[in-house]
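> Could you have a look at this structure, given as structure tokens, before my questions?
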Amino acid sequence: MCYPLGLVMNVVPYGPFRHFFSFFFGCFLLQFVVGVQWIHQLITSLVVYFMFMTLPRSVNRWAVPAFVMLYCVLGHLHRQYINYLGWDLDFTGSQMVITQKLHMMAFNLYDSQSDSRASKKCKNYSLQSLPNILEFLGYTFCFTSVLSGPSFEFTTYKAACEGTHIYGKDGKPLGAIPSNLWPTVRPLLVSLLNLVIFVVVGGAFPLLDTTDPQKNVPVVLTEQFLANPWPYRYMYQWMGLIAVRQKYYFAWMNAEGAHNIWYAGFDGFDEQGKAKGWETASNMDMIAFETAPNIQTLSKEWNKKTSLWLTKYVYIRTNGSLIAVYGTSAFWHGFYPGYYMFFLSVPLLTFCERVARKKISPYFPKEKWTFPYGIASILTTSFFVEYMVIPFVMLGFDRSWAAYKSHYFMGHIIPTIFFFVVSMLPTPKPKDGETKKTK
């Protein structure tokens, strides 16, 4: 539905009409998908706007993130209470998107008055004045991002609604305006492929009981399934998780194309008048994610705009506190034990990568697709991540624990042994060229 609306948006005059269109049809889509529950997004937005009007920006930079995160947390807890282990659509998904937007805007307003190191890094997105209510609601309810994101800065949204990333003050184009045909069609075609993979592969390798995933024992935990040899069970889970990811790819690729159709995903022009590209609405690089050689690359390519949000508005605002980043990310996702089992397990792989980079990597080429080290890194990362991430599907503690147990906790045991063994290896001396670079 966002694609035809995006086509209409292309002919809507720049300015207030676009902001109203964005807000009105954002509400329409929410009503269509989650019903009257969209009132939560409206309440959150209006309360925050009142806070912006009445409280100092230095207070709002913490008060607004605290409020929107609390609202999001209460939504997650309510959902878990009334629909534990359920997968029904409700307002919490769109609430997660609006949480990011309002969190970012609080710091955007503060950054215009601050000379801190963190504020200077985000100065390009700072706001000198509070947007009017129509601009504000158009941003928070933007019809192409309100359901599944991606969340981007207000300045980016406003530029798309006013055309300032394409046209100068004199009304002339800042450069040769590129066609939006392929940037729109490509994500659409890819999303359709994602849908086919989700239906076909997901149907062949279901992880949960399709008749009643909420109450029945997951397929991968049934006695009949556990009677199969371990290699078969692990490859089955691997394929099943690939299928699960397709629904996220489908949503994000659809959103990317829907933004690009009205040039909201266009990055604008550089100083020489050359088009920068179409990365604004890109939230996922599937190939880079599926072939990631390490956790760092993998985490950057998954839900890229959320990663940027955590980096710019949590990590650098707390002097590089990983506890703040992981805590914010965990609360933002919800409170199912499976989420925390995953978040607490993944650092183990990060520790292994760090020690391997120090003790083993210097002996091999650094290129990604080199054999054997580069290929081994890709396969190893994928192999262990597919083990670590299964609680994200199981959700509950008992199911998640049983899933780890069905694989003999090998995803925890092997990395632990690897870490201690490799840590005892001698650190190779840097080559002459590397030594000169460090001096």
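The values are calculated or read from the model by the stated rules, or taken from the named source; none is laboratory data. Being a predicted model, the structure only gives us computed values, none of them experimental. Here Cβ is always computed from backbone atoms with ideal geometry, including for glycine, and neighbour counts include all displayed protein chains. The protein model used for the area step is the full one, side chains on, heavy atoms only, and it has no ligands, DNA or RNA in it. Shrake-Rupley method; radii C 1.70, N 1.55, O 1.52, S 1.80 Å.
> For the chain, what does the helix formula give at 222 nm: sum of -39500 (n - 2.57) over DSSP H segments with n ≥ 4, over the residue count, nearest 500 deg cm²/dmol? Walk me through the intermediate numbers first.
Details: 21 runs with 277 residues, N = 439.
Result for the chain: -20000 deg cm²/dmol, rounded to the nearest 500.
> Ignoring ligands, DNA and RNA, please state the percent of accessible area on region 258-311 from carbon and sulfur, probe 1.4 Å.
That fraction is 51 percent.
> Using the basic label-point model (7 angstrom from Cα toward the beta carbon), what is the residue 325 to residue 222 distance in nanometres?
Going by the 7 Å Cα→Cβ label model, 4.1 nm.
> Moving on to the next point. Got a number for carbon plus sulfur as a percent of region 139-240's accessible area, 1.4 Å probe?
67 percent
> When Rg is the radius of gyration of the Cα atoms in region 32-93 and Rh is its Kirkwood radius, what does Rg/Rh come to?
Looking at region 32-93, the ratio lands at 1.07.
> May I ask you to list, by number, the DSSP H helices of the chain whose Cα span along the axis is at least 15 Å and whose average Kyte-Doolittle hydropathy reaches -1.0 or more? Show your work: numbers first, answer last.
Details: long enough: 16-34 (27 Å, 1.42); 39-54 (23 Å, 1.51); 57-82 (37 Å, 0.40); 92-111 (28 Å, 0.08); 181-204 (34 Å, 1.78); 230-260 (45 Å, -0.55); 322-333 (16 Å, 0.97); 337-359 (34 Å, 0.28); 373-388 (22 Å, 1.05); 410-423 (19 Å, 1.82).
Qualifying helices, which must be both long enough and hydrophobic enough, are 16-34, 39-54, 57-82, 92-111, 181-204, 230-260, 322-333, 337-359, 373-388, 410-423.
> What trypsin sites (Lys or Arg not before Pro) in region 149-215 are in a loop by DSSP, with at most 16 other Cβ atoms within 10 Å of the Cβ?
Working: sites: 158, 169, 215; in loops: 169, 215.
Filter output for region 149-215: 169, 215.
> Here's a follow-up. Just the accessible area per residue of the chain, please: how many Å² with a 1.4 Å probe? Can you show the working numbers first?
Details: 21920 Å² over 439 residues.
Value returned for the chain: 50 Å² of accessible area per residue.
> Same structure, new question: At 1.4 Å probe size, put 285, 111, 267 in order of accessible surface, largest to smallest.
On the way: 285 65, 111 0, 267 45 Å².
Solvent-accessible surface, decreasing: 285, 267, 111.
> In addition: Pick out, from 80, 54, 145, the residue whose Cα sits farthest towards the positive end of the charge dipole of region 14-161, with +1 on the Cβ of Lys and Arg and -1 on the Cβ of Asp and Glu.
54
> Take the Cα atoms of region 177-258, build their convex hull, and give its volume per residue in Å³. Before the final figure, lay out the partial values.
Working: hull volume 7.4 nm³, N = 82.
Enclosed volume per residue, from the Cα hull, is 90 Å³.
> Take the alpha carbon atoms of region 174-199, find their center, do the same for region 139-160, and report the distance between the two centers in whole angstrom.
Region 174-199 and region 139-160 have Cα centres spaced 18 Å from each other.
> Would you mind getting me the FRET efficiency between residue 287 and residue 24? Use the beta-carbon distance for r and R0 = 30 Å, nearest 0.05.
Once the sixth-power term is evaluated, E becomes 0.25.
> Excluding ligands and nucleic acids, what accessible area in Å² is computed for residue 29 using a 1.4 Å probe, to the nearest 10?
10 Å²
> Distance in nm between label sites at residue 69 and residue 120, each 7 Å beyond Cα in the beta-carbon direction?
2.6 nm
> Moving on to the next point. Looking only at region 54-90, which residues have a backbone nitrogen under 19 Å from a spot 7 Å from the Cα of residue 113 in the C-beta direction?
What the label zone holds, given the 19 Å backbone N cut-off, is 54-67.
> In Å, what Kirkwood hydrodynamic radius results for region 1-145 from the alpha-carbon pair distances?
16.3 Å
> Any of 121/276; 172/300; 169/312; 169/300; 247/274 with alpha carbons more than 32 Å apart? Name them for me.
Listed pairs above 32 Å: 172/300; 169/300; 247/274.
> Taking 10 °C and 1.306 mPa s as the conditions, I'd like the Stokes-Einstein D for region 102-162 in µm²/s, using the Kirkwood hydrodynamic radius from alpha carbon pairs. Before the final figure, lay out each step's value.
Values: Rh = 12.1 Å.
For the chosen part, D equals 132 µm²/s.
> Same structure, new question: State the Cα centre-to-centre distance between region 107-135 and region 382-427 in whole Å.
42 Å
> Can you work out the FRET efficiency for the pair residue 364 and residue 130, with r the C-beta to C-beta distance and R0 = 51 Å, to the nearest 0.05?
0.45
> In whole Å, what are the Cα extents of the chain along the three principal axes, biggest one first?
That works out to 65, 63, 44 Å along the principal axes.
> Which net charge results when you count Lys and Arg as +1 and Asp and Glu as -1 among the other residues whose beta-carbon is under 13 Å from that of residue 163?
On the way: positive: 18, 158, 169, 172; negative: 162, 170.
Value of the local net charge: +2.
> For region 1-52, what is the largest minus smallest coordinate of the Cα atoms on each principal axis, given in angstrom and ordered from greatest to least?
Between the extreme Cα coordinates on each principal axis of region 1-52 lie 33, 27, 10 Å.
> Could I ask something else about it? Rank 43, 417 by accessible area, highest first, at a 1.4 Å probe radius?
Sorted by accessible area, descending: 417, 43.
> Roll a 1.4 angstrom probe over the protein heavy atoms and tell me the percent of accessible area of region 326-439 that is carbon or sulfur.
On the way: 4750 of 6590 Å².
Using a 1.4 Å probe with all protein chains present, region 326-439 comes out at 72 percent carbon and sulfur.
> Keeping all protein chains in place and using 1.4 angstrom, which order do 101, 276 fall into by accessible surface area, from largest down?
Sorted descending by solvent-accessible area, the residues read 276, 101.
> Still on this structure, I have one more. With the cut-off at 1.5 for a/c, could you classify region 257-382 from its C-alpha gyration tensor as rounded, prolate or oblate?
Details: a/c = 1.95, a/b = 1.23, b/c = 1.59.
Oblate.
> Points 7 angstrom from Cα along the Cβ direction at residue 1 and residue 247: gap in nanometres?
1.9 nm
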